[in-house]
Amino acid sequence: MKKHFLFLPLIVAMMAACSSNDPVIEDEQEEPVTPVAPVIPDEEDDYANWELSLLLDLTEDEKAAVTDLNRFSYELLKGVSNEGDGEYCCSPASVSIYLSMLANAAGGDSRQEILSALHLSDIETVNSLNAKLMHYLPCAENGAALSINNRFWVADRYNVTPGFVTTMQEVFNGKVKSVDFTDPITVPTINKWVADNTNGLISSILDGDWKNYIDLDLASANTVYFKGNWLDKFNESKTVKEQFRGSKGNKQVDMMHQTTRTGYASNDKFSMVCKNFNGGPVNAEFYLPAEGISVNDFTALLTPEMQASLKESCKLYDVTLSLPKFSTDKEVGLDKVLTGMGINLSNMDLTSMGLQAAPMKVLHKTSLKIYEEGAELAAVTGGILTAPDPGEVVTYPKVTVHFNRPFCYIIRHSQTGIILMAGVVSDIE
């Protein structure tokens, strides 16, 4: 059965009053990390002493950095949308956090290229902002959960600089692990970490036979996971099959229905309906394009100013809402997009963390479900680096991009505007 969406940008404001999450197990047989129940590391662990952050108190420089990162997010979405046929799914939050870690690992021109792509000027502001976000964003309260986890796996022939290890711990609540990529257990262990930290929505970051990765110098990843229940849930008994005008014709889809008093706004391009999540300042915003505006125009029209204008004009209405339930899983290689943003991945200088310069490949996977009770999403952004011998040709695993549902969505943190995930899809077979 095909499920379709004409147009659904989704903006989800994430919760406050939360704790960071990423327990560390030195043994290769790591215990699963449960994203819905963040854990403060034990005292004997080598993390910094993390404390709960009830308020996100940003300096003026950090507020400016958030604005710059949001500008990067919109540019990233436009770049990803141009890679396919107008359909996409992307987590700007995951990509920006990953690039922030990579900026700390990088030296020379590579660091400046990453900072410039993020529209940030100095690594100090990057780190002070990310340290606060790692404390503030992860949460598990009142039926909603958000977790962010970070990890670097480095071939055991390298000595990682102590400064980078400390930065990963103290800024990103992350771990740097020394591993043997020729050991058959290493790749499955990395993939298990990804699956554990995305609640099983994403099963791997290193696909294919483990032998494809025996020459790796580095694998690294950021994961973002969110699950929340609607404050006003859809009644499952009211979900019925209805016709939807998809990009490939009229189809029957599972359509959810409810009448609710909620926020509504419109302009000459979109109509917007807000829907709250349970557990705090969390909401979703659904956008329907005006006649004559295609779903693929959404990304081109996305600007912070447009979002702010609609938010300011939003007022309470009694809204009769019909919304398709759907799920989507996507993967995309970000090499072309990031190169287009000025990051030279063909010669990534990671000497600041103790590795040599080498070609790097950046991978991105996302998963999203919208259903009667709420929403669940996961994303992973990862990089692999292989230092070639002189004269060798470096090859990398191929990444296939799948797009399949006609709607748009954005998932963001309300108080910072940081986009956790966004996408455009137009059909499903």
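The values are calculated or read from the model by the stated rules, or taken from the named source; none is laboratory data. This one's a predicted model, so the numbers in the text were calculated from it and none came from an experiment. Virtual Cβ from ideal backbone geometry, glycine too; neighbours counted across all protein chains shown.
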Query raised in the report: Would region 212-221 turn up any residue that is of a type in the set (Phe, Trp, Tyr), within 26 Å of residue 90 (Cα to Cα) and not assigned by TED's automatic domain parsing to the domain that holds residue 376?
Result: no
Query - Which listed residue is modelled with pLDDT of 95 or more and in contact with a strand residue (DSSP E or B) (Cβ under 7 Å, 6 or more places away or on another chain), from 387, 357, 379, 375 - result: 379
Query raised in the report: So which of 191, 222, 159, 130 ends up being of a type outside the set (Lys, Arg), farther than 21 Å from residue 105 by Cβ and either in a loop (DSSP other than H, G, I, E, B) or within 24 Å of the chain's Cα centre (by Cα) (or both)?
Result: 191
Report summary line: Per the filter on region 149-163, residues polar (S, T, N, Q) and surrounded by fewer than 16 Cβ atoms within 10 Å (Cβ to Cβ) are 159
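Identify, please: which residue in region 37-87 is in a helix (DSSP H, G or I) and touching a strand residue (DSSP E or B) at 6+ places or on another chain (Cβ under 6 Å) and is, among those, modelled with the lowest pLDDT?
Step one: filter region 37-87 for residues in a helix (DSSP H, G or I), giving 60-81.
Next cut, touching a strand residue (DSSP E or B) at 6+ places or on another chain (Cβ under 6 Å) only: 73, 77, 80-81.
Working: 73: 91, 77: 89, 80: 89, 81: 84.
Only one residue fits best here, namely 81.
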**Report entry** residue 166 assigned by TED's automatic domain parsing to the domain that holds residue 94, out of contact with any strand residue (DSSP E or B) (no Cβ under 6 Å at 6 or more places or on another chain), surrounded by fewer than 19 Cβ atoms within 10 Å (Cβ to Cβ) and in a helix (DSSP H, G or I)
**Finding:** yes
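In this structure, is residue 228 in contact (Cβ under 8 Å) with a residue 40 or more places away in the chain, out of contact with any strand residue (DSSP E or B) (no Cβ under 8 Å at 6 or more places or on another chain) and small (Gly, Ala, Ser)?
Values: in contact (Cβ under 8 Å) with a residue 40 or more places away in the chain: yes; out of contact with any strand residue (DSSP E or B) (no Cβ under 8 Å at 6 or more places or on another chain): no; small (Gly, Ala, Ser): yes.
Answer is no for this residue.
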Requested in this report: Looking only at region 225-234, decide whether some residue is among the charged types (D, E, K, R) and either touching a Pro at 6+ places or on another chain (Cβ under 6 Å) or more than 28 Å from residue 418 (Cβ to Cβ) (or both).
Outcome: no
Query raised in the report: In the set 313, 327, which member is more than 21 Å from the chain's Cα centre (by Cα), closer than 30 Å to residue 373 by Cβ and of a type outside the set (Val, Ile, Thr)?
Result: 313
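Give the residue, chosen from 195, 145, 140, that is within 29 Å of residue 369 (Cβ to Cβ) and crowded, with 24+ Cβ neighbours inside 10 Å. Step through it out loud before you land on a result.
On the way: 195 fails: crowded, with 24+ Cβ neighbours inside 10 Å; 140 fails: crowded, with 24+ Cβ neighbours inside 10 Å.
Going through 195, 145, 140 in turn, the sole match is 145.
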**Report entry** Some residue of region 244-252 being surrounded by 20 or more Cβ atoms within 10 Å (Cβ to Cβ) and either among the acidic types (Asp, Glu) or closer than 26 Å to residue 202 by Cα (or both)
**Finding:** no
